[in-house]
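The values are calculated or read from the model by the stated rules, or taken from the named source; none is laboratory data. Only a predicted model underlies this, so the values are computations on that prediction, with no experimental measurement involved. Using ideal geometry, Cβ is built from the backbone for each residue, glycine included, and neighbour counts are taken over all protein chains shown.
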């Protein structure tokens, strides 16, 4: 009997330990079954540490192809160090490593090997694949700035490893005496100074019997050095069956010396030890949110989304031998002290990725925020899209949201004076070379209260709506810092500029000409033009700070709800005349069978939560569950559009917990309904909040009753402080909506109109 009892206890302990391996729920291949025409995420398997400076990925695409790994591919060209945030922005500082046997081939097509997903293991912290053409098993595991490879070779007189430093200017040097290869890559897709280099060092544990370098496709045997447009190296040796060769790799944007320093991240650890340390690193950050009471697919989807939320923005700083934090500036080309993060676009990520960091990972976001101050000091502007420096992409001035939301939630930069100065500067200027940085059209916006439709500035209505929200964010900070009343009033008044574009006839936002007339003709179904990757029906809800004001414009709660209902009820019609073809975001809307709701792109992702402002929270609960169940999965086609640097993933994380930051800058998270029976949030302050919904199921997705720390709670939002203070939230779930709960005035979330005094 005792034996059986002990076995039972042991089994329970094992099950508990396994349940805590959150990293093993992660599928890095989610979203990789994507094409130019139809995105299911447009991701690649990012094998990394959380927020790591360098990621690694198997490369199936050609050199320079933004689709560097696609699930439908059948050949691997190499194992690539990558910094790519999306295929549209593409990569920088990349180089690759590829083992082979037989004939040494440098050409990327000739060296490519067949592989199959059945012979592939992809974890957040580890990757393994069988290269069929060479009978080689390749494995890799990274640290933040380094990585170790383990290649298991067959019996062969001619075994090789190719190092490809890519084209557009590169260099390699073989140091045979020390079993090393040094080099640099300058390949980039923009956003770098003229002196940009990614310096790398690769150290092998087997002496070289063969060496050659490559200069623009010419292989030069015995020549140890090559500087060319496209440089590379080949080293070789004899191997016996099952022989293991390790490669230790690190890189630096600063110097060879710093690359060698970064190599020390590997220490004296074995490959397997590094794998376990990588797993532990991911378990530590993923385990900050524990979900229970779901099915295996839901766990996999949740933690795969959380993993994607913790990749970008990535570290762009390095640690010197003296322990000092320094960075190469992609803005002025200097090596400077302090933090730097990059590879994110705020048009996407201000919405909920950065609020997730503020809630669950504020110490990391403190570094990010200090890095943003450095960007302003080094370039004169806060970034809007960075990879690694300023990039021309998207619209808005949403650095204001990212910076202000962090500061007001206690993630405070040391130099708030520079913070405020930089925010104000961005409202009055546009970057001289990168028009998406600062505010394009600010001279019109500041004079007229909108960016006109007919002055040659595309996506003008989208800019106006986002500038108005960003002005509200600056108003909050101005008030917090007790700036002069005149200043505070100016930004408060500008926060209402969204009203200038409201068309009472259509009850939608519409482009407006410089003379005050609306654009004509006008089609609510026209994508682009006055809007950004969406139409008026999608963008009209972009009044994050004042839903009540929008409700009033539309004619009250019932009219507002009817307009939202219509988004789901109409067919997925569209007008693509601005683009000349249906861009992938359009196609993703049409195939989802959810009317004109385009969750695959960001402008409308918060809309469902707006039912809470119009006294019908049960509709939010219904549609949110529909979106989570129908549009997300832990499969290669698991997203419904571009994942976009953690934003779409963070939407799922928040929504699965049961709340969402509709308006960053407020302290409120608007209610949906939880996906799991239980979730526990472990905050950095040492407190934990437990969310219990024991009746939760596929059909019980409506909130019937809610208690917060033992007190009945009817509000349609939770506050940041309530969550951070910890405790317990108890939610009774039902299969039928409660149409009386959350309908009182005091239950409604924040709207600026309710407090506007100017």
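Remarks
- Total residues in the stretch 716-740, condition closer than 21 Å to residue 613 by Cβ, touching a strand residue (DSSP E or B) at 6+ places or on another chain (Cβ under 8 Å) and not in a strand (DSSP E or B): 6
- Scan of the stretch 630-647 for residues that are part of a helix (DSSP H, G or I) and buried (at least 24 other Cβ atoms within 10 Å of the Cβ), ordered by number: 647
- Residue in the stretch 151-164 that is under 30 Å from residue 285 (Cβ atoms) and in contact with a strand residue (DSSP E or B) (Cβ under 9 Å, 6 or more places away or on another chain) present: yes
Quick grid of which residues meet (1) within 19 Å of residue 753 (Cβ to Cβ); (2) in contact with a strand residue (DSSP E or B) (Cβ under 9 Å, 6 or more places away or on another chain); (3) in the same structural domain as residue 585 (by TED's automatic domain parsing):
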residue: 487; (1), (2), (3): no, no, yes
residue: 491; (1), (2), (3): yes, no, yes
residue: 496; (1), (2), (3): yes, no, yes
residue: 502; (1), (2), (3): yes, yes, yes
residue: 505; (1), (2), (3): no, yes, yes
residue: 513; (1), (2), (3): no, no, yes
residue: 516; (1), (2), (3): no, no, yes
residue: 519; (1), (2), (3): no, yes, yes
residue: 527; (1), (2), (3): no, yes, yes
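- Filter result for residue 162 (touching a residue at least 24 places away in the same chain (Cβ under 8 Å) and either under 14 Å from residue 250 (Cα atoms) or assigned to a helix (DSSP H, G or I) (or both)): no
- Looking across the stretch 664-697, the residues that are assigned to a loop (DSSP other than H, G, I, E, B), touching a helix residue (DSSP H, G or I) at 6+ places or on another chain (Cβ under 8 Å) and closer than 25 Å to residue 629 by Cα come down to 672, 673, 674, 675, 676.
- When we screen 199, 256 for residues that are under 20 Å from residue 146 (Cα atoms), touching a residue at least 60 places away in the same chain (Cβ under 8 Å) and surrounded by fewer than 20 Cβ atoms within 10 Å (Cβ to Cβ), the only hit is 256.
- Residue within the stretch 76-92 that is more than 30 Å from residue 394 (Cβ to Cβ) and surrounded by fewer than 17 Cβ atoms within 10 Å (Cβ to Cβ) present: no
- When each of 492, 468 is tested for being more than 30 Å from the chain's Cα centre (by Cα) and at negative phi, the lone residue that passes is 492.
- Just one of the listed residues (397, 446, 374) is in a loop (DSSP other than H, G, I, E, B) and either surrounded by fewer than 24 Cβ atoms within 10 Å (Cβ to Cβ) or within 22 Å of the chain's Cα centre (by Cα) (or both), and it is 397.
- Some residue of the stretch 50-70 being closer than 21 Å to residue 172 by Cβ and either surrounded by fewer than 18 Cβ atoms within 10 Å (Cβ to Cβ) or not assigned by TED's automatic domain parsing to the domain that holds residue 151 (or both): yes
- Where residue 287 falls short, out of the listed (1) touching a helix residue (DSSP H, G or I) at 6+ places or on another chain (Cβ under 8 Å); (2) farther than 17 Å from residue 691 by Cα: (2)
- The single residue among 269, 297 that is surrounded by fewer than 23 Cβ atoms within 10 Å (Cβ to Cβ), at pLDDT 95 or above and in a loop (DSSP other than H, G, I, E, B) turns out to be 269.
- Qualifying residue in the stretch 493-500 (condition: over 22 Å from residue 577 (Cα atoms) and without any contact (Cβ under 8 Å) to a residue 40 or more places away in the chain): no
- Among the residues making up the stretch 209-252, a single one is part of a loop (DSSP other than H, G, I, E, B), closer than 14 Å to residue 104 by Cα and either modelled with pLDDT of 95 or more or not assigned by TED's automatic domain parsing to the domain that holds residue 173 (or both): 209.
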